[in-house]
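Have a look at the structure below before the remarks.
The values are calculated or read from the model by the stated rules, or taken from the named source; none is laboratory data. As the structure is a computational prediction, the values presented were derived from the model and not from experiment. When we count neighbours, we look across all protein chains shown, and the Cβ atoms used for this are built from the backbone with ideal geometry, even at glycine. These accessible areas exclude ligands, DNA and RNA; they are computed on the full protein's heavy atoms, side chains included. Shrake-Rupley method; radii C 1.70, N 1.55, O 1.52, S 1.80 Å.
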Amino acid sequence: MIAPVLFGLWLIGLGSTWAAWRRGRLKSPWHLDMAAWGLLALATLGFFWRVVTGQNWMPADGGDLVSFLFPTYRFAAASIRDGGFPLWNPYLYLGAPHMGDIQAGFLYPPNLLLFLLKPEFPYAALQNLSIAHVWFAGAGMYLLLARRLRVRRVAALAGALAFMFSDVFIVHFGNLNLNAVASWLPWVFWAYLTGLAAQEEHPTPLKWKWAGLVGVLLAISTLAGHIQATVFIVLALGVYTALDVWLRREHPEPIRRAISSLIYLTACLVLMGLLTAPLLLPTLQLTAYTARAGWNYTQAAGYSLSPAQWIGWLIPGFFGRGPQFHWGAWPRVEVGYAGVLTLILAGLGLALRRQRRMWVWAGLAGVSFVLALGIYAIPHGWLTLLPGFGQLRAPARLVLLTDFALAALAALGLDAALRPLTGPARAAFEKVWRGVAYAAGAVLTVGVPLAYLALLLTQDSDPTITLHVSIAVIAVVSFAGLLLASLLWLAARRGDWARTTTLGWLAAGLILVDLASLGAYQDLGDRDPSLSFEQPAIAGYLHSQPDSLFRIDTRTGIDSLWQPDTALLYGLQDVSGVANPLALADVTRYWENMGSRSSRLYDLLNVRYVIAKKDVVLDWDKFALVFDGDTNLNVYENHRALPRAFVVGQTRADVSHEAAWAAIHAADFDPATTAVVEGPAAGGGHGAVAASSGAASRLTFTVNADGPVVLVVSQVWYPGWQVRVDGEARGAPLRIDYIFQGIALEAGSHTVELSFAPPLWTLGWAVAGVTMVALLIAAVVLARRR
């Protein structure tokens with residue numbers, strides 16, 4: 001259990017801190033920081049106690065954590081255990097470049113450690129990783145607030161709690177790679193702001209030291225595998241820098257400061273790009289071959305934050321927070337809830353501290369919130385004109401940055417509120433107090449009665465309407481209670497009912513109770529969702545077949561009975577998989593336009609077996625039942641399936657890509673006898689494949705031919721595949737029949753080997769290696785100078 005072990009280490013640190021305090025030896029502030037991280041660990045355990053103790057599973061149905069990440073990570077772990085990186089995935093989507101799918105995350109250090117220590121890890125390990133990253137986000141936020149923004153530690157704890165349990169981390173608990181990248185946001189900002197400060201206070205070399213650290217932190221976060229979250233962090237750095245430069249425009253030498261800040265930011269980003277070249281270069285190449293490359297704005301703006309959902313900033317459960325109870329005419333997205341007291345403290349901070357840094361954080365919150373509106377506010381459309389942003393969907397996720405900025409403002413506000421309130425500060429506090437008091441009075445005297453009235457009036461309505469109103473009533477009353485508790489806290493501070501330290505702890509506790517009460521029990525299930533992958537009978541039958549080079553077809557409407565990525569766990573090769581935005585566009589086009597399963601284009605896919613329900617309707621002239629040993633599903637054999645590799649003597653050579661598309665859809669096209677080749681190829685001979693064998697990134701065939709022929713390989717064409725014929729390198733394979741691979745052969749007996757060795761992967765490692773060596777040398781030089 002990864003998370004309990006990690007938390008245990010921090011609890012040991014907490015215990016040692018307490019012991020040191022008891023003996024009067026607590027001198028270093030880091031001991032206090034260690035204690036704070038231990039408290040955040042306890043808070044995390046308390047938040048997820050039902051998951052940590054094994055009573056429940058989260059998300060209830062597993063979400064992306066089980067349907068996509070669990071089989072993807074298990075595949076990567078098995079590849080690494082066998083001695084190699086998972087460059088090509090032959091098991092899904094007719095084959096796909098695994099190293100180009102940034103979501104794979106197999107280079108991310110925590111994932112890599114898990115893969116090395118326990119390749120056959122259970123689903124619970126991914127739950128623990130997700131929990132650990134929630135804690136890690138809080139630890140980084142605490143560090144940023146206490147060490148960089150220099151607020152008192154109890155305020156830093158409150159801000160950390162507000163960020164780590166904010167909406168994005170809860171809604172996307174099952175999206176581990178997004179949460180993993182997002183958890184690095186405060187760590188990156190801590191290093192980045194420290195470097196900005198060093199830029200003003202110390203010589204230039206110190207600034208570059210921090211630029212190197214920012215680049216490394218950004219690189220590690222990027223390896224977690226969610227490019228959108230990485231882009232959000234970069235966007236936050238850019239917005240913060242721009243606002244900081246603008247608000248300093250009246251300081252001495254504003255142009256020099258602006259140029260220096262721009263150079264510093266650019267250096268951080270360049271270092272990140274160089275260090276992640278093994279990941280980013282293949283990802284950029286793959287993106288050009290996916291449907292995302294041609295997205296329009298409507299697709300990019302999907303899952304925007306609707307204005308109707310703004311109520312979620314105060315009442316997150318109004319439209320049902322979990323997927324089971326969500327209602328409304330808009331998709332369920334993160335609304336950005338970070339706690340009622342968090343919002344009040346953020347406003348209090350702006351009222352009490354009219355400083356430049358307050359407005360920088362407020363500006364970051366405002367800009368990110370407007371962009372999160374997506375299609376409901378035009379600035380997001382302008383943003384998509386920048387390279388890369390047009391391929392990113394779900395702008396509502398930008399509330400991650402809004403919550404981040406609000407948590408910082410709340411910590412600054414709490415720190416200011418715990419200082420002596422005199423003069424203008426007392427007047428500002430009184431204004432906030434009265435505003436919250438009026439709001440609480442309105443909610444208690446108007447909002448709550450109206451909510452109950454709506455419930456009474458809908459008792460005889462459709463049960464669905466009654467359920468929706470009931471959900472909204474619970475949410476409104478919960479908000480009223482939290483608002484009243486926040487008002488009592490303000491009253492206690494206003495009247496000095498307790499010491500400021502006690503009030504600080506009460507504020508942190510109220511934020512924790514708020515976020516945990518409304519978020520901890522959302523989307524819990526009673527059953528291990530990975531059990532839905534168990535298909536021993538069907539997998540056993542398929543593995544018993546003598547020829548392993550065949551594909552299965554599970555696109556028969558059986559998702560509720562067969563997880564789409566099951567083939568990846570059992571080492572079977574499927575024409576499909578779970579919905580993936582990085583699926584190759586040509587493969588998708590081929591499938592959607594090939595006609596029915598009766599067509600020869602379907603047979604060209606090497607689909608020998610179809611898995612379907614027992615009442616499925618198929619072309620019984622070519623399909624036959626071969627296995628019915630499963631309760632719900634049968635296996636049907638396609639007797640006309642073409643083999644993985646075969647020889648043809650007739651060719652249509654030197655055709656364009658679109659001409660190939662037209663040719664394979666001609667009425668007289670038969671892939672068993674004719675190859676449509678996008679390049680030079682001769683024909684006229686006859687031959688056969690005498691033997692074949694395959695591994696994940698390598699295929700080998702023995703071919704006999706009496707004249708010029710083309711070896712057609714039912715494997716997706718993609719840059720990086722290399723051909724060797726009788727030990728001699730032949731370069732890349734030909735593109736055959738629109739999406740497949742082929743090799744032109746002369747007469748004779750030949751051994752043909754196909755291997756996936758993408759040049760960009762090798763180049764990326766060379767670039768990253770040189771960069772790491774340069775960073776090490778620079779670190780040594782700086783250390784010697786000091």
Tell me the angle of helix 204-223 to the major Cα principal axis of the chain, expressed in degrees between 0 and 90 and rounded to the nearest ten. 50
For the range 126-240, which whole percent of the accessible surface, found with a 1.4 angstrom probe, sits on carbon and sulfur atoms? 64
Output the 0 to 90 degree angle, nearest 10, between the alpha-carbon long axis of helix 185-201 and the longest principal axis computed from the alpha carbons of the chain. 60
For P(r) over Cα pairs in 20 Å bins from 0, in percent, the listed values are (1) 14, 43, 30, 11, 1; (2) 13, 34, 23, 15, 10, 4, 0, 0; (3) 15, 49, 29, 6, 1, 0; which was obtained by calculation from the structure presented? (1)
Expressed in nanometres to one decimal, the distance between label points 7 Å along Cα→Cβ at Thr762 and Arg698 is 1.5
Given the peptides 151-159, 431-439, arrange them by the average over their residues of other C-beta atoms within 10 Å, most packed first. 151-159, 431-439
How much accessible area per residue does the range 528-637 have, counting only protein heavy atoms and a probe of 1.4 Å, in square angstrom? 40
Taking a straight Cα-to-Cα line shorter than 19 Å from Lys431, and setting aside same-chain aspartates and glutamates fewer than 8 residues away, one finds Asp415, Asp496
What whole-number distance in Å separates the alpha-carbon centres of the range 717-786 and the range 622-636? 41
Could you give each residue of the range 647-662 its phi-based ³J(HN,Hα) in whole Hz, using Karplus coefficients 6.51, -1.76, 1.60 with θ = phi - 60°, and x for Gly or Pro? 10, 10, x, 9, 9, 10, 9, 6, 9, 6, 5, 6, 5, 5, 4, 5
Counting only protein heavy atoms and a 1.4 Å probe, tell me what percentage of the range 682-781's accessible area is made up of carbon and sulfur. 65
Quick check: Cα centre of the range 290-341 to Cα centre of the range 112-136, how many Å? 28
If you count, for each residue, the other Cβ atoms within 10 Å and average over each peptide, how do 210-221, 635-646 line up from highest to lowest? 210-221, 635-646
Other residues with Cβ under 12 Å from the Cβ of Asp61 give, with Lys and Arg +1 and Asp and Glu -1, a net charge of -4
For the range 146-154, take each phi angle, set θ = phi - 60°, evaluate the Karplus expression 6.51 cos²θ - 1.76 cosθ + 1.60, and give the result in whole Hz per residue in order, putting x for glycine and proline. 6, 8, 9, 7, 6, 8, 5, 5, 5
If you roll a 1.4 Å probe over the heavy atoms of the protein chains, what accessible area per residue do you get for the range 442-514, in Å²? 53
Taking only protein heavy atoms and a 1.4 Å probe, what accessible area per residue, in Å², does the range 680-786 have with all protein chains in place? 47
Sum -39500 (n - 2.57) across every DSSP H segment of at least 4 residues in the chain, then divide by the residue count to get the 222 nm mean residue ellipticity, nearest 500. -16500 deg cm²/dmol
Packing-based ranking, highest mean first, of 398-406, 77-85 given that Cβ atoms within 10 Å are counted: 398-406, 77-85
Angle between the Cα long axis of helix 123-143 and the longest principal axis of the chain, 0 to 90 degrees, nearest 10? 40
Centroid-to-centroid separation of the range 212-257 and the range 32-57 [C-alpha atoms, Å]: 31
How large is ³J(HN,Hα), in whole Hz, for each residue of the range 441-457 in order, when computed from phi with the Karplus curve 6.51 cos²θ - 1.76 cosθ + 1.60 and θ = phi - 60°, using x for Gly and Pro? x, 5, 5, 6, 8, 10, x, 5, x, 5, 5, 5, 5, 4, 5, 5, 6
